[in-house]
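The values are calculated or read from the model by the stated rules, or taken from the named source; none is laboratory data. Keep in mind that this is a model prediction, so the values were computed, not measured. No Cβ is skipped: glycine too gets one built from the backbone with ideal geometry, and neighbour counts run over all protein chains shown. In case anyone asks, the SASA skips ligands and DNA or RNA and just uses the protein heavy atoms, side chains included. Shrake-Rupley method; radii C 1.70, N 1.55, O 1.52, S 1.80 Å.
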Amino acid sequence: PGSRVQYRMVQDWSLDTLAFHLNSATAERDSYLKTITVNLGGAYVRNEQHGRVVGLGAKVEMHSLGVVKGTQELDQRTLQTHAKGQSTSDLLYKNALMDQARTIFSGLIRVEKDAQQTDAYQTNRNLLLSPEADATSLPGLEIEANDVKCSHGATTGQIDESELFYFRARGIPRAKAQELMVFGFFEEVIGKFDNPDLANYVRSLVETKMAG
């Protein structure tokens, strides 16, 4: 109770890697938990995260960014469970896809009947940088309480050509313009890092991945 925990995972594994990653955390009364995951490597990566709120006044944040290219596949499964009320959970997952890469996001917010006055949010956004890339989003709600604020949303789209034209008209090559827009897209997640050095390290990894 009352604890504050941050969990940060950054992976840039070999493209031959098959990985299965499970992260499960329980938040007691008035505690605060923040998880941030960065997925760049791996041929196939399955990332499962479960944030379980069991105490009044607890807050759980779950954030992730992924950059996949070639034939990489990133499979993301999340569960936000509220067993007690007057609590909050907030999920934000963002992915950028190139070439024939694929992502799957399947997320569920579950609010049990005793978890009144719960605030729970879930957002998945995907940026397609190739017409051959594919992103599947399956957000969901399962609510047994009647006094809650819960929402979920998912968007998948390509870079706006008019925005690219804005950069190119100022002498910025298309590839660099696309990179800058991806950085803008991800900054909302990278800004969640409390450690500036780690945030800059993640920016450098994303830049290398985009240029490679």
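Considering (1) open to solvent by 10 Å² or more (accessible area, probe 1.4 Å); (2) in a strand (DSSP E or B); (3) farther than 14 Å from PHE185 by Cβ; (4) out of contact with any Asp or Glu (no Cβ under 9 Å at 6 or more places or on another chain), the lone condition that GLY107 does not fulfil carries the number (1).
Every test in (1) in contact with a Gly (Cβ under 6 Å, 6 or more places away or on another chain); (2) β-branched (Val, Ile, Thr); (3) open to solvent by 10 Å² or more (accessible area, probe 1.4 Å) is passed by VAL5 save one, and that test is (1).
Sort out which residues of region 147-203 are of a type in the set (Ser, Thr, Tyr) and either open to solvent by 80 Å² or more (accessible area, probe 1.4 Å) or modelled with pLDDT of 85 or more (or both), and write them in order of number. Result: SER151, THR155, THR156, TYR166, TYR201. Every test in (1) touching a Phe, Trp or Tyr at 6+ places or on another chain (Cβ under 9 Å); (2) open to solvent by less than 10 Å² (accessible area, probe 1.4 Å); (3) aliphatic (A, V, I, L, M) is passed by LEU33 save one, and that test is (2). Scanning region 50-77 for residues that are within 30 Å of ALA211 (Cβ to Cβ) and either surrounded by 20 or more Cβ atoms within 10 Å (Cβ to Cβ) or free of Cβ contacts under 8 Å to residues at least 24 places away in the same chain (or both) yields MET62, HIS63, SER64, LEU65, GLY66, VAL67, VAL68, GLN72, LEU74, GLN76.
Of the candidates ALA135, ALA177, ALA154, ALA120, the single residue that is without any contact (Cβ under 8 Å) to a residue 60 or more places away in the chain, assigned to a helix (DSSP H, G or I) and not aromatic (Phe, Trp, Tyr) is ALA177. Before we move on, is LYS94 surrounded by fewer than 20 Cβ atoms within 10 Å (Cβ to Cβ), touching a helix residue (DSSP H, G or I) at 6+ places or on another chain (Cβ under 8 Å) and in contact (Cβ under 8 Å) with a residue 40 or more places away in the chain? Here the answer is no, as LYS94 does not meet what is asked. So for region 29-49 (the condition being assigned to a strand (DSSP E or B), touching a residue at least 12 places away in the same chain (Cβ under 8 Å) and basic (Lys, Arg)), does at least one residue qualify? Yes, some residue in region 29-49 is assigned to a strand (DSSP E or B), touching a residue at least 12 places away in the same chain (Cβ under 8 Å) and basic (Lys, Arg).
Quick check: anything in region 125-136 open to solvent by 50 Å² or more (accessible area, probe 1.4 Å) and in contact with a strand residue (DSSP E or B) (Cβ under 6 Å, 6 or more places away or on another chain)? Yes, some residue in region 125-136 is open to solvent by 50 Å² or more (accessible area, probe 1.4 Å) and in contact with a strand residue (DSSP E or B) (Cβ under 6 Å, 6 or more places away or on another chain).
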